[in-house]
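The values are calculated or read from the model by the stated rules, or taken from the named source; none is laboratory data. This is a predicted model, so every value here is computed, not measured. All Cβ positions, glycine included, derive from the backbone under ideal geometry; neighbour counts span all protein chains shown. Side chains included, ligands, DNA and RNA excluded: accessible areas come from the protein's heavy atoms. Shrake-Rupley method; radii C 1.70, N 1.55, O 1.52, S 1.80 Å.
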Amino acid sequence: MVALGALSAVLTDVAVAYRHRAVTMLVPQLLGVAGAFATLTAEGTAVAPYLLPALGVLAGVLARLGPEGSLGAMILLMDAQVALDLPLPGPRWLPPALMLLGGLSVVAPALAGRLFFRGRAERALLAQCLAGCAAVLEPEAAGPAGAARRRALHDLLERARHTGAIGGSALLARHLPGLLALAGTASSAGARGLAADPALVGRLRAEAERVAAGRPAPEPAWPPGRGPLDERLARAARAAVLPGAGALTGAEPAAGGDWRAGRLRAVARAVLADPQSWWCGLRVGLALLLAGAAAAYFDLPHPYWAVLNVTFVCRPDVGPVTGRALERFCGTALGVLCSGLVLACGGTDWVLLAVLALAAGLVPALSGTGYLYQAAALATVVLMVTQIAGDPALPLLLPNLACCAIGCLAAVLACELAGPRHRQLAVARRLAVAVEQATLALTPPRPRTALAPYLQLAVARAEFERARREPPWRQGATDRWAALIEEVERTVDGALALTPADHHHVDRTRHHLHRLADRLHRLDGRRGPLPADPVPAPRYGAEGPRRKLKSLRHQRGRAVLG
């Protein structure tokens, strides 16, 4: 139980910043302990057969909260199923306490580095954003190269904003508003092909190196620049590098100045009110029922292995279920083959313990190479733990593979055939929001920094990268979605590159954006208001754009009904 608790903590160690890591590691441990205690308490009662599907529905709703919620849902189901199926002697509180002890044995050293490396991850992220702003402003960043640099900058900004919103870092809270304003001005200038002062670009790169090294901020004057653009860039750069110095005035609001206010409650309300969240939960519960019933019907040893495979596969934040299920089965087959070779050669418990330590170390190390290899390492860990615990693992190789096939097939049947492919719907929803915010950016009074559509496009690209892991028979649809994202990016880029002097093009562009938004909403299958953004877009100072967005959606709905 201690080893399983430690494994669950290793699986949740995905964040870089220490405050963010505390959330992603501690909260899933508490949810896992609660799930284990609930199943042990309900054991032998009338509600025991229905508890795990109910927890599956809850886990599906939690997974819609984002990557952190998905990790918590995975550990909740994993610990609940382990506690339900393993013979656990002693009082009911002992197994959850042992699992929590194992988890804390990993969480404590993972968070201990904060005493020595405080703020290093946040400083590195801020430095990358400053260097990205400098790269966008360079003269050679024109054409396709400039579009790629702006896209990379927006992805970095989305990472920084998500890390700050979840972890609540004071460093990011101070610097991120000014950084968003600087990035908005630089991105707009780069899209219009405007050149910045080379001295200002060099100063931004020097500031990025200083922030990454953690050196104190100097006080030399910024380059005066050669025009109004350089003045705005210097003012935004001072606000990003030295919060409080050169603060932005009301005429040029700091994008995202209220980027963390009321976020958690708004997201929780939106997720609970969204029918897609409960539909996702019902699919996870159905998959758990199918896997458990099939494992019990074939009388497989350790039937909880089948349900654990459902738990690992049904994670909406890591890609489509079908592609992940294929990777899970192939990785488990590879792990079973390697474990069979080790067990057939024989060896003492110390040899098995060394193989277990190596496989457990490969679980986080292989996370960036693909889920197939990580699944192979996980299968090796499970079989080595089973052998060391006294249950001969060699006869369990084929049952383990059969449980994996049952769990993956149940997940595919429940989450793909019995429900819509919400991954593409999520991409369409993000693209529609980006187009609507680009339309608002063309509505007087136009904001100086129109960064919100770009950040929504960054989230849409992240969703699409997860959808790229579709199986081969769906690659045609994936290519069509890639072309659609490129079309939306070009349209938004061209619309935001317009200046107030191009007023004869603004109305035509706004009409084109309205038609594109309607097309995306038809793909999304929705006509009503969209749910709150899990990572909300920055507000630009006043409530006017928010009211205009509601009015825009209302007019679109009336036009469709008419």
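The set of residues in region 216-238 that are at pLDDT 80 or above and closer than 19 Å to Leu126 by Cα comprises Leu233, Ala234, Arg235, Ala236, Ala237, Arg238. Scoring Glu140 on the criteria (1) open to solvent by 50 Å² or more (accessible area, probe 1.4 Å); (2) over 25 Å from the mean Cα position of the chain (by Cα); (3) in contact (Cβ under 8 Å) with a residue 60 or more places away in the chain leaves a single failure, condition (3). Taking (1) crowded, with 19+ Cβ neighbours inside 10 Å; (2) touching a Leu at 6+ places or on another chain (Cβ under 9 Å) in turn, Thr322 satisfies each apart from (2).
Condition check ((1) polar (S, T, N, Q); (2) open to solvent by 40 Å² or more (accessible area, probe 1.4 Å); (3) over 19 Å from His302 (Cβ atoms); (4) assigned to a helix (DSSP H, G or I)) across all residues:
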{"residue": "Asp13", "(1), (2), (3), (4)": "no, yes, yes, no"}
{"residue": "Leu31", "(1), (2), (3), (4)": "no, yes, yes, yes"}
{"residue": "Ala34", "(1), (2), (3), (4)": "no, yes, yes, yes"}
{"residue": "Leu58", "(1), (2), (3), (4)": "no, yes, yes, yes"}
{"residue": "Leu76", "(1), (2), (3), (4)": "no, no, yes, yes"}
{"residue": "Ala83", "(1), (2), (3), (4)": "no, no, no, yes"}
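The set of residues in region 269-284 being over 13 Å from Gln81 (Cβ atoms) and either open to solvent by less than 40 Å² (accessible area, probe 1.4 Å) or outside any helix (DSSP H, G or I) (or both) consists of Ala270, Val271, Asp274, Ser277, Cys280, Gly281, Arg283. Here Ala181, Ala212, Ala199 are screened, and the one residue that is open to solvent by less than 30 Å² (accessible area, probe 1.4 Å), part of a helix (DSSP H, G or I), touching a residue at least 12 places away in the same chain (Cβ under 8 Å) and of a type in the set (A, V, I, L, M) is Ala181.
For region 297-308, enumerate the residues that are more than 17 Å from Ala80 (Cβ to Cβ) and either open to solvent by 50 Å² or more (accessible area, probe 1.4 Å) or of a type in the set (Val, Ile, Thr) (or both).
Taking region 297-308 first, the residues more than 17 Å from Ala80 (Cβ to Cβ) are 297-301.
If the condition is that a residue be more than 17 Å from Ala80 (Cβ to Cβ) and either open to solvent by 50 Å² or more (accessible area, probe 1.4 Å) or of a type in the set (Val, Ile, Thr) (or both), then Tyr297, Phe298, Asp299, Pro301 are the ones that fit.
The residues of region 184-196 that are outside any loop (DSSP other than H, G, I, E, B) and surrounded by 23 or more Cβ atoms within 10 Å (Cβ to Cβ), listed by number, are Gly184, Thr185, Ala186, Ser187, Ser188, Gly190.
Here region 64-73 is the region considered, the condition is being open to solvent by less than 10 Å² (accessible area, probe 1.4 Å) and among the hydrophobic types (A, V, I, L, M, F, W, C), and the residue that is farthest from His162 (Cα to Cα) is Ala73. Listed by first and then second residue, the pairs linking a residue in region 371-396 that is modelled with pLDDT of 90 or more to a residue that is of a type in the set (Phe, Trp, Tyr) and not in a helix (DSSP H, G or I), with Cβ atoms under 7 Å apart and 6 or more places separating them unless they lie on different chains, form an empty list.
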